[in-house]
Structures are given as C-alpha cells and as structure tokens.
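Below is one structure, written out as structure tokens; the observations come after it.
The values are calculated or read from the model by the stated rules, or taken from the named source; none is laboratory data. Just so you know, these numbers come straight off a predicted model, no measurement behind them. When we count neighbours, we look across all protein chains shown, and the Cβ atoms used for this are built from the backbone with ideal geometry, even at glycine.
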Amino acid sequence: MSENMIQSTGEPESAAQPGLTQPGAGAGDLENHLGGEDARNYRRYERDIIAPHVGNSMLEIGSGLGDFSAQFHPRLARLVLSDSDPYCVEQLAKRYPGDPSVEVMQLTLPAEIPLAEPVDTVVAMNVLEHIADDVAALRCLARVTTPGGRIVIWVPGYQQLYGDFDRKVGHFRRYTPKTLGDAVTAAGLSIDVLKPINLLGGIAWWLAVRRGGASYPNPRLVRLYDRLVVPTTRLIERFVRPPFGQTVFCVARVPERPGA
C-alpha cells in the first residue's frame, strides 16, 4: 500500500520499524514498502484485481521487498523480480535462496531487460509515474512479453491529487484513464482494461494532501483505513464503476505476431 493515509510532518514512522525498509531510506525509497502488515486488506484488494490477468510466468517491475509478488509465487512456473534499489535486490535474492523458479535482477527503466525467455505477464505497480519517458519504458516491457501477453499497470490517479508526497517520492505525474491510455497506445499496445479504482481512497487522499497538507503515511491511519474503508470500497466497486479514484488500473495487451 503506497499512499492511502499520510501524516503532516516529520520522518515516516514506518522507517523506524526494523525490516520494513532499507537502512537510511529516503522518501523516494519508501513508497513500495509502506503498509506491510498494517495493510493486509489493501494487499488482498490489489491481488484480487490483478490475479485474473496473471498467467504462468511473471516479471514484476519495482518489486520492493517482494511482499506483493509472494502472493503469486506458488501458482507461477516462473517469477522474475526486479528493482532499481540494490538493497531490495539483495533482500529479494535472500527471500528465495536456491529456488530455480525465481530470478532476481537490478533494473532501472527504460533499459533493455536481460531475460533469456519472455514472460506472459508483466506487473508494474506504482512504477510508470517515476519514469520521465513512460512510453519508452512500456516498449521495453513489451519486448520481453510474449505476443498476446499482458502488461498489468497500476498507477496513482488524477493530477488534482498531486501533492507533497508525490514530489518527495519522485512522481513525474499522476494519470487519468486518458493519459495512461495514450501512453499505452503510443507504445504499440492494445487495451483490455482501463479504469479508475479506489474511489474512497481518492477522496481520503484529496482530504489528506490537498486540504490537510500531509506528506507521509501515518501507520495508525493506515490501519484504520485498511480495516474500515478498504472493505467498503470493495463492496461499492462490485456494483458501481467509479468515475474517479486514487488509482488508475490498466491491462495492456502485446500484439500477436502477424499470421499467428
């Protein structure tokens, strides 16, 4: 859970919890490690939205400490984990010692991705907003995805929610369905799913950032949000497609080869 509830000033409380983040982590390093045990419902919410789009082999971009992808590991024939942070890469390797189904690499996009064989699914959670040339990054991902495979994208939504937290963690932008769709199609991909999600999270984020001037996650509010708001959000989204949300979710498809 990277951005659901935040506090107004000071260092992130989570940075003081052993094992949650790398030693001496700065603001930009914290994003993928927030929540943890305090956000179990939110992690399941993420998993349940993404799971129907995951095949047999998966490359995760921005794996952090590997908590999200660990939910998929038992069902995958192959899992490739990546992060730009050397500490995270080290911890990911320690998490799966001697497991032949898991590969770990250090990676900063856009770049050529050294995979011996393509994967049928790429998952990029809270990644594209950190990359100046997001179209180039998507093209790099497409080159290591099998024809007909999927690139699953989860990004922060709506520039109206952009605040101090976004600046501190290095966000170039927040997305709308249109701006994310434009980037996906410019990269030569087609769109299976494209929609805003987490309406209540968007409202809470607007109140905290735009009205409250907050800048860092507050673990106490994260726990409250996770217990009360996430289940309500899930119930609402079973019946209503949100017109707005904290997140924009996309499943992009890599084109089939001609004649396939």
Could you pull out every one of the helices (runs of 4 or more DSSP H) wholly within the range 171-260 that has 1 or more residues that are at pLDDT below 90 and in contact with an Asp or Glu (Cβ under 8 Å, 6 or more places away or on another chain)?
-> 199-205, 219-224
May I ask you to list pairs of residues, at least six apart or on different chains, whose Cβ atoms are under 7 Å apart, with the first in the range 87-104 being under 20 Å from MET58 (Cβ atoms) and the second being surrounded by fewer than 14 Cβ atoms within 10 Å (Cβ to Cβ)?
-> VAL89/GLN106; SER101/ALA77
Boolean, GLY35 is at positive phi and modelled with pLDDT under 80 | yes
Go through LEU59, LEU76 for me and flag whichever is among the aliphatic types (A, V, I, L, M), more than 25 Å from THR233 (Cβ to Cβ), under 14 Å from the mean Cα position of the chain (by Cα) and modelled with pLDDT of 95 or more.
-> LEU59
Which pairs have Cβ atoms under 9 Å, sit 6 or more apart or on different chains, and link a residue in the range 109-125 that is in contact (Cβ under 8 Å) with a residue 12 or more places away in the chain to one that is part of a loop (DSSP other than H, G, I, E, B) and charged (D, E, K, R)?
-> LEU109/ASP133; PRO110/ASP133
Which residues, counting only those in the range 126-138, are part of a loop (DSSP other than H, G, I, E, B) and either of a type outside the set (Val, Ile, Thr) or free of Cβ contacts under 8 Å to residues at least 40 places away in the same chain (or both)?
-> ASN126, ALA132, ASP133
Which numbered condition trips up VAL122, out of (1) touching a strand residue (DSSP E or B) at 6+ places or on another chain (Cβ under 7 Å); (2) surrounded by fewer than 22 Cβ atoms within 10 Å (Cβ to Cβ); (3) closer than 23 Å to ALA252 by Cβ?
-> (2)
Inspect all residues belonging to the range 162-182 and state whether any of them is of a type outside the set (A, V, I, L, M), touching a Ser or Thr at 6+ places or on another chain (Cβ under 7 Å) and at positive phi.
-> no
With respect to THR146, is the statement that it is assigned to a loop (DSSP other than H, G, I, E, B), among the hydroxyl-bearing types (Ser, Thr, Tyr) and either within 20 Å of ARG253 (Cα to Cα) or out of contact with any Pro (no Cβ under 9 Å at 6 or more places or on another chain) (or both) true?
-> no
Which residues, counting only those in the range 43-79, are surrounded by fewer than 18 Cβ atoms within 10 Å (Cβ to Cβ), in contact with a strand residue (DSSP E or B) (Cβ under 8 Å, 6 or more places away or on another chain) and among the polar types (S, T, N, Q)?
-> ASN56
